[in-house]
Amino acid sequence: MTIDERTVPCAKGDIHLFTLANGHGMTVELSSLGAGIVSVVVPDKAGNLADVALGYKNLCDYMYDGPCAGKTPGRFANRIAAGRFTIDGETFRLATNNGPNALHGGPEGFQNQLWTPETIPGGVRFTYISKDGEEGYPGTLKAVVEYTIETDRNRLNIVLRATTDKPTVVNLTNHTYWNLSGEESGSVLEHMMNMRCSRFLPGDDTLIPSGEMESVAGTPMDFTTSKKLGQDIKADFPSIIHAKGYDSSWVVDDWEKDLYQDKIVVISDPRSGRVLEIGSTQPAAHVYTGNWLAGSPQSKSGHSYADYDGVAVEMQGMPDAPNKPSFPSQTLRPGEVYSHKITFTFTTE
């Protein structure tokens, strides 16, 4: 296993990039900007290599990009209704940067910060200290993201941790967009997806969940058996109409706190034969089919992505959990450790 480092200067400061290679056909490039994934190169069924992670030609374009490509959003990934929540009777107000709601921690969220990197056995650790009051969140939060790759298989492991000095809320995830045919290959709507999620979170027209957990049975949200991402993407169904595609959370079956489950989401590409297996300790799988990718910065292959050119699967806590007592709590208190794991495993068939 090898790790190479390089630096790219940008307006906000130097971006440190690390390339991990496992000698098994997998190469992963990581960035200190947003503790993000820049590229993931893996073989197809014929052994041909391709980069399957969407990203940009100019590395400085990752700063403040709308899609949040590859990065670690925070302090609270996904949406918080009306940009407000209450802890112990005190209400906190956040920037509303997604219609009436707060999204991905606000305009200066973790995804737009330069994290402090250090190499560790098998990978890289990124650390960010979020000050008390930053983007309206209480408490000084220390966030850590560790990436490692395995040498005997093409698996990328992500460990997400956080501690705080005051009660706060935290929800961390990874926001990579995948195209298993290669990042320059166009639409992912022919990709197949299967999920071990028999319930989903219905939401309003601003994509805030109602607080209910509804069965997927008989709806376009049913991926309990494998089907094309595009099969029902134009269905007359509220969750799809509101988002112009999939931009919803599903409830992980048999979820228990601290329990890691493998193959919660499996995406396959009949064209290349690549398969992506996603595991996690998180209670929800949020799937976003890149419904608004058009207009993003110039891609690594030199063109602009179109809508639906990538799919993001964000293993995370449930959206608006601070305002939904029925959802697993995302509150973190002093002395506690927020700790979760996400795995991306690549195979072929």
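Listed here are the residues, each with its yes/no results for (1) free of Cβ contacts under 8 Å to residues at least 40 places away in the same chain; (2) surrounded by fewer than 24 Cβ atoms within 10 Å (Cβ to Cβ).
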residue: Ala69; (1), (2): no, no
residue: Phe76; (1), (2): no, no
residue: Gly83; (1), (2): no, yes
residue: Thr91; (1), (2): yes, yes
residue: Leu94; (1), (2): no, yes
residue: Asn112; (1), (2): no, yes
residue: Ile120; (1), (2): yes, yes
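Can you find, within the range 226-252, the residue that is most open to solvent (accessible area, probe 1.4 Å) among those that are free of Cβ contacts under 8 Å to residues at least 12 places away in the same chain and over 19 Å from Glu212 (Cβ atoms)?
So, considering only residues that are free of Cβ contacts under 8 Å to residues at least 12 places away in the same chain and over 19 Å from Glu212 (Cβ atoms), the one most open to solvent (accessible area, probe 1.4 Å) is Lys234.
If we keep just the residues of the range 291-312 that are surrounded by fewer than 17 Cβ atoms within 10 Å (Cβ to Cβ) and at positive phi, which is modelled with the lowest pLDDT?
That would be Gly302.
Which of the residues that make up the range 200-210 are touching a residue at least 12 places away in the same chain (Cβ under 8 Å) and surrounded by fewer than 16 Cβ atoms within 10 Å (Cβ to Cβ)?
Once the filter is applied, which keeps residues that are touching a residue at least 12 places away in the same chain (Cβ under 8 Å) and surrounded by fewer than 16 Cβ atoms within 10 Å (Cβ to Cβ), the range 200-210 yields Asp204, Asp205, Thr206.
Could you tell me which of the residues Lys324, Lys244 is over 24 Å from Pro67 (Cα atoms) and out of contact with any Leu (no Cβ under 7 Å at 6 or more places or on another chain)?
Only one candidate qualifies: Lys324.
Do the conditions hold for His286, that is, is it within 29 Å of Thr225 (Cβ to Cβ) and either under 19 Å from the mean Cα position of the chain (by Cα) or crowded, with 18+ Cβ neighbours inside 10 Å (or both)?
Yes; evaluated as a whole, the condition is true for this residue.
Of the conditions (1) within 25 Å of Val28 (Cα to Cα); (2) in contact with a Ser or Thr (Cβ under 6 Å, 6 or more places away or on another chain), Pro138 fails just one. Which one is it?
Pro138 satisfies all of (1) within 25 Å of Val28 (Cα to Cα); (2) in contact with a Ser or Thr (Cβ under 6 Å, 6 or more places away or on another chain) except (1).
Return yes or no: is Gly273 surrounded by fewer than 21 Cβ atoms within 10 Å (Cβ to Cβ), farther than 20 Å from Met195 by Cβ and in contact with a strand residue (DSSP E or B) (Cβ under 6 Å, 6 or more places away or on another chain)?
yes
Just checking, does the range 313-335 include any residue being over 23 Å from Arg79 (Cα atoms), open to solvent by less than 20 Å² (accessible area, probe 1.4 Å) and at pLDDT 95 or above?
Taking every residue of the range 313-335 in turn, none turns out to be over 23 Å from Arg79 (Cα atoms), open to solvent by less than 20 Å² (accessible area, probe 1.4 Å) and at pLDDT 95 or above.
Counting only residues that are in a loop (DSSP other than H, G, I, E, B) and either of a type in the set (S, T, N, Q) or at negative phi (or both), how many does the range 75-106 have?
So the answer is 8.
Out of the range 142-163, which residues are under 25 Å from Leu94 (Cα atoms), in contact (Cβ under 8 Å) with a residue 40 or more places away in the chain and open to solvent by 20 Å² or more (accessible area, probe 1.4 Å)?
Across the range 142-163, the qualifying residues are Arg161, Thr163.
Looking only at residues that are small (Gly, Ala, Ser) and in a loop (DSSP other than H, G, I, E, B) in the range 122-141, which one is least open to solvent (accessible area, probe 1.4 Å)?
Gly139
Among the residues in the range 40-55, are any open to solvent by 50 Å² or more (accessible area, probe 1.4 Å), more than 20 Å from Gly74 (Cα to Cα) and among the basic types (Lys, Arg)?
Yes: one or more hits.
Kindly list, by first and then second residue, each pair from a residue in the range 324-349 that is farther than 30 Å from Asp152 by Cα to a residue that is open to solvent by 80 Å² or more (accessible area, probe 1.4 Å) and part of a loop (DSSP other than H, G, I, E, B), limited to pairs with Cβ atoms under 7 Å and residues at least 6 apart or on different chains.
The qualifying pairs are Pro334/Asp165; Pro334/Lys166.
Consider Asp61 carefully, then state whether it is on the phi > 0 side of the Ramachandran plot, open to solvent by 30 Å² or more (accessible area, probe 1.4 Å) and not β-branched (Val, Ile, Thr).
no
The values are calculated or read from the model by the stated rules, or taken from the named source; none is laboratory data. Note that this is a predicted model, so its numbers are computed, not measured. Virtual Cβ from ideal backbone geometry, glycine too; neighbours counted across all protein chains shown. Just the protein is used for accessible areas: all its heavy atoms, side chains included, with ligands, DNA and RNA removed. Shrake-Rupley method; radii C 1.70, N 1.55, O 1.52, S 1.80 Å.
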